[in-house]
């Protein structure tokens, strides 16, 4: 297949796509997290110091020590701790209409998860608001099983 | 998409990556490709060491100076090394197995990478004389695929001692 | 600690899109820095910073080596990072005594790709990268956290932009410069609320290079070398939700280890691609109102990826060498929301 060759400032130009299929092994900690997502549950992991990390990681970022084997369920709802607005979503992002990125501290968690919030419009976003996950119809055991979060008020955003 | 059914724990996830670029060839490569589009192979000569490089990149890798002097090269050359490729891969335009070659074009100081066709594989050899086979004139375009491959020509082999400097 | 100094610095004129290839961009910059340095080739060590993902071409950095001249074979290394970290590696090499001179260079062509998309590939591949959050949105998350938790204002963001663009008028290498007004900036629409387009860096292509020399070599070739009196770098956790985005603890620690507080600071070149980050960095480094911050205009006026941090060090060094400053601080950052930070203290004597 021939790529269309054009000229820019006297120099030849052509489109070029870099594409890799990647399959990543997740390891035991993320395996618990993704397996639970498949069941529409969100798990954190407890550090030796007692903090619950969401998403779970293999080590405590503050001490570098291995986490415990305790994976408490968190959420499903939580609080937005900060957010920004996407007025022109990109093709690969979770939603095709304007939405917010947010750090969300789920109930029972000590760290925040980053995800999209389908608030409808920028005026509906507020630090401190409560949100809950909107689950994808077909669960696959990956972060996209949560399509996005939505405001935790009657009926959601739309 | 995970690789397990509902009962088994998730062991892996697919994370495909696709990034689109609009690549610009740079000044030297653009001149080279335009030459190819006219059925010519252009190299560049270093003002300091006088070596001729093809394809040209606007610089001499030994002297770290810009190269601007253009040199038209022959499309005939000599095989300086080769490998018989049997491993399938995407984007190969010739059937397996094939001879992947380095060719020292007449007038150049470094070899040029290509493929040899029209020759039994056990006859591909260092020192063999070859010539470029181009696409038909009306299909010429500023792209490397304007040269389809190289084919053997009836000229005596070049002795190894004459090729050593370019290896 | 062995005495190591920056003896010359050079950079390209940064443009929105440079259609030359990486060697064509880099070679004049390397020639200039070598000529200005007074150090004869070959260098004992060469180190470069760049990332192949910007151009979408694996081993692009190897092709750039033409600009440095690798014949006869040279001792060379590369970091897939901003050139500031290539400088750090070169500094370590000189500390070891294995080298007395080093050529450090960096380049970045962001124009071929979609930079925010490309940068999303540096995020956690399991839970973050699959969502493809763009770099501007992530910076905006940090900006809002800083505004709300620290009780700061969008006006303070605009003030950084106005000051930076005005300073850049004296910088022929900067892409953006001019006389802007705070009120007009605040009237602009959001790019990724709460950040506006001018709060984010311009996308551009560029290159820079620095020559390092040790002790007597530096004194011999340079009238007023910029001595590296301290240099340190620290990194925070990669999970954004596990970090304090409003304070940059890694910058604070790196600054303490580099000895920022040991004396008065005349000039600080801070690598703050987003306007709110300049405030966060100032506070992390304890820089008072008397410090001249980003006289070059900073990353808001030219932000060639993988180069802008090295440029901060070079710009700070230049002001030591020309006598404008006696003591300067330079900072470089890498990763989303100031995740990894390098601080360098330079002195003229």
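Each Cα pair under 8 Å and six or more residues apart adds its sequence gap; the mean of these over the residue count of chain A is a relative contact order of 19 percent.
Using only helices, what value at 222 nm comes out for chain B when you add -39,500 (n - 2.57) per DSSP H run of length 4 or more and divide by the total residues, to the nearest 500 deg cm²/dmol? List each step's numbers first, then the result.
On the way: 1 runs with 12 residues, N = 167.
Taken over chain B, the calculation gives -2000 deg cm²/dmol.
Working note: Cα atoms of region B:26-166, range along each principal axis, descending, whole Å: 41, 39, 28. Over the residues of chain A, the helix contribution to mean residue ellipticity at 222 nm works out to -2500 deg cm²/dmol, using -39500 (n - 2.57) for each DSSP H run of at least 4. In chain C, Cα pairs under 8 Å separated by at least six residues give a relative contact order of 26 percent.
Region C:230-279 and region B:50-122 have Cα centres spaced 49 Å apart. Taking every Cα-Cα distance in chain C and sorting them into 20 Å bins starting at zero, the pair-distance distribution P(r) comes out as 33, 60, 7 percent. Annotation: for a label point projected 7 angstrom from Cα along Cα→Cβ of residue C:35, residues of region C:216-251 with backbone N closer than 18 Å are C:222.
Take every DSSP beta bridge whose two residues both sit in chain C; close to 75 percent of them are antiparallel. Over region C:176-291, the pair-distance histogram of Cα-Cα distances with 5 Å bins from zero comes to 2, 8, 13, 16, 17, 17, 13, 8, 3, 2, 1 percent, rounded to whole numbers. Between residue A:122 and residue A:24, what is 0.36 nm times their sequence separation minus the Cα-Cα distance? Round to one decimal in nm. Extending this stretch completely gives an extra 31.7 nm.
For the pair residue C:78 and residue C:52 in one chain, pulling the backbone fully straight at 0.36 nm per residue adds 8.2 nm over the alpha carbon distance.
Measure out, as a whole number of angstrom, how far apart the alpha-carbon centroids of region C:85-117 and region C:155-178 sit. Their Cα centres are 26 Å away from one another.
If you restrict to DSSP beta bridges whose two residues both lie in the protein assembly as shown, what percentage is antiparallel, to the nearest 5? List each step's numbers first, then the result.
Numbers: 106 of 122 bridges.
About 85 percent, rounded to the nearest 5.
Counting only alpha carbon atoms, the long axis of helix C:154-167 and the longest principal axis of chain C meet at about 30°. Report the Cα centroid-to-centroid distance between region A:1-35 and region B:127-144 in angstrom, as an integer. After rounding, the separation between the Cα centres reads 31 Å.
Remark: spin-label model distance residue B:18-residue B:160 equals 5.0 nm, labels positioned 7 Å along the Cα→Cβ axis. With contributions of -39500 (n - 2.57) from each DSSP H run of at least four residues, the per-residue ellipticity at 222 nm computed over chain C stands at -9500 deg cm²/dmol.
Using a simple spin-label model with pseudo-atoms 7 Å out from Cα toward Cβ, residue B:138 and residue A:73 lie 7.1 nm apart. For chain C, the longest principal axis of the Cα atoms and the long axis of helix C:275-285 meet at an angle of about 60 degrees.
Label sites at residue B:92 and residue C:159, each approximated as a point 7 angstrom past Cα along Cα to Cβ, lie 6.6 nm apart. What number results when the radius of gyration of region A:78-123, computed over Cα atoms, is divided by 2.2 N^0.38 Å? Relative to the rule-of-thumb radius for its length, region A:78-123 sits at 1.18. Temperature 25 °C, viscosity 0.890 mPa s: under these conditions the Stokes-Einstein estimate for the protein assembly as shown, based on its Kirkwood radius over C-alpha pairs, is 89 µm² per second.
All Cα-Cα separations within region A:27-151 were binned at 5 Å from zero, giving a P(r) of 2, 12, 21, 21, 19, 14, 8, 3, 1, each value a whole percent of the pairs.
Read-outs throughout are calculated quantities, based only on the coordinates presented, and are distinct from any laboratory measurement. This is a predicted model, so every value here is computed, not measured. When we count neighbours, we look across all protein chains shown, and the Cβ atoms used for this are built from the backbone with ideal geometry, even at glycine.
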